[in-house]
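Read through the structure below, which is laid out as structure tokens, and then see the notes.
Throughout, read-outs are computed from the coordinates displayed, never taken from laboratory work. These figures come from a predicted structure and were not determined experimentally. Glycine also receives a Cβ, built like all others from the backbone with ideal geometry; neighbour counts cover every protein chain displayed.
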Amino acid sequence: MRVLITGICGFAGSALAENLLARREGAGITGIDNLMRPGSETNRRRLKGLGVEFFHGDIRQASDFEDLPAADWVIDAAANPSVLAGVQGGFSSRRLFEHNLASLVNVLEYCKRHSAGLVLLSSSRVYSIPALASLPLREQGNAFVLDCSAPLPAGVSAEGVGRDFSTQPPVSLYGSLKLASEAVALEYGEAFGFPVWIDRCGVLAGAGQFGTPDQGIFSYWINAHLRRRPLRYIGFDGNGKQVRDAMHPSDLAALIDAQFRSARRGGQRIYTAGGGARNACSLAALTAWCDDRFGPHAPASDPRPRTYDVPWLIMDSREAMAEFGWKLETPLETIFEQIAVHAESNPGWLSISGL
Ligand SMILES: NC(=O)c1ccc[n+]([C@@H]2O[C@H](COP(=O)([O-])OP(=O)(O)OC[C@H]3O[C@@H](n4cnc5c(N)ncnc54)[C@H](O)[C@@H]3O)[C@@H](O)[C@H]2O)c1
């Protein structure tokens, strides 16, 4: 089996390459990356050592696909993954559009040319921000939990947010480009007869993830706590009760591998996938874990709201589990511990990540 991974030097792309090679003896992996993500260049040597064929190129350029060998499957993991991209942080909205949507036509034309299937890494951020922001929540210890005694909108339960939850705008520029990518990818697959799987992933986390305050939050927080960098609880009264779930990329690789093996061509193509209720954690709980691991270091409180932020977002993966016989193997504590060990042995990780 031959796989092309776009964004292969990124956190997800490189981890998926490594995990798929471990799962599939004899698989050939090719990757393309323009190395725009600070830190991504650090993965080049590791990938080479794994036997991955690397092309330095930009998926916005059709001609950068000309030298790529044919593949059976493409995993599209090239994007700016920050929900704030396009509105903050110096990455323009036009640039975001080009990277996160316009470039998709080159990926899809490649799939069409080679009859390659596509796995698109979509996001939990395709869901409606007002609908997420108005979910009934209560406080339990140092975290928000869903108040299931109150009426709930379609597509959400204590297990998390599922595929049927509202995608009504606003969803963020980032989320809207993912949503548009999903629609275009499905149409291409339908029109030209190649399989498309779409995984709406919650937060991915693990050792070697680049970490900044707006992307790679678990890696950023653990590295910053260890290095005694200033940390802030932003929004939601400034006490860190906002909750996310974390999924290890090896678990995502297992899901994608099951999708590669699936012979089903019709029916549902979109799945939500994430750490779920079992792997959910508030920032305050993460701080408590770090305090135990590295000694106390208190974040400051900054109650001002942050653009596009929501208080509680975890993914309900039950459909993917039922369909693909998939289950999450990596508990939250293992993810945290792996990040901590990596942080201890990489003292400059935050500056490598661009901070
Ligand atoms: N990390 C998460 O928590 C998360 C959650 C849901 C979805 N996703 C999605 O998964 C995918 C991978 O995310 P990640 O966390 O690995 O991000 P990342 O920033 O670590 O990796 C993305 C890689 O893509 C490359 N890239 C960006 N634009 C490119 C272009 N035009 N041409 C070639 N290479 C390009 C970057 O250099 C980088 O190496 C993204 O599509 C992201 O939206 C990530």
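Odds and ends about this structure:
- Taking a ≥ b ≥ c as the square roots of the eigenvalues of the Cα gyration tensor, segment 1-107 is classed as prolate, since a/c reaches at least 1.5 and a/b is larger than b/c.
- Here the dipole of segment 244-340 is about 460 debye; that uses its Cα centre as origin and unit charges on the Cβ of Lys and Arg (positive) and Asp and Glu (negative).
- Range of Cα positions in the chain per principal axis (Å), largest first: 53, 47, 39
- Within straight-line cross-link reach of K48, lysines at Cα separation under 29 Å, skipping those fewer than 8 residues along the same chain: K112
- Annotation note: GluC sites (Glu not before Pro) in segment 276-355 located in DSSP loop regions with a Cβ neighbour count of at most 14 within 10 Å are E329.
- When each of the peptides 305-311, 28-34, 62-68 is scored by how many other beta carbons lie within 10 Å of its residues on average, the order from highest to lowest is 28-34, 305-311, 62-68.
- Mean Cβ count within 10 Å, highest first, over the residues of peptides 164-177, 289-302: 164-177, 289-302
- This model, with +1 at the C-beta of Lys and Arg and -1 at the C-beta of Asp and Glu, gives segment 166-276 a dipole about its Cα centre of some 360 debye.
- Cα gyration tensor shape for segment 133-218, rounded if a/c is under 1.5, else prolate or oblate: oblate
- For segment 282-296, 3J(HN,Hα) computed residue by residue from phi via the Karplus equation (6.51, -1.76, 1.60; θ = phi - 60°) reads 8, 4, 5, 5, 5, 4, 4, 4, 5, 4, 5, 7, 10, x, x Hz, glycine and proline entered as x.
- Segment 67-112, relative contact order [Cα under 8 Å, separation at least 6], %: 35 percent
- Prolate is the label for segment 245-287, because the ratio a/c of its alpha-carbon gyration tensor axes (a ≥ b ≥ c) is 1.5 or higher and a/b is greater than b/c.
- In a reduced charge model with +1 at each Lys and Arg Cβ and -1 at each Asp and Glu Cβ, the chain shows a dipole moment near 320 debye about its Cα centre.
- Selection from T334, A258, P299 lying farthest towards where the dipole of segment 238-355 points positive, charges on Cβ: A258
- Taking every C-alpha pair closer than 8 Å and separated by at least 6 residues, the mean separation divided by the residue count of segment 1-122 gives a relative contact order of 28 percent.
- For segment 108-237, the residue among L108, G216, S134 whose Cα projects farthest onto the positive side of the dipole built from Cβ charges is G216.
- Dipole of the chain computed with +1 at Lys/Arg Cβ and -1 at Asp/Glu Cβ about the Cα centre; of A154, Q268, G175, farthest Cα towards the positive end is G175.
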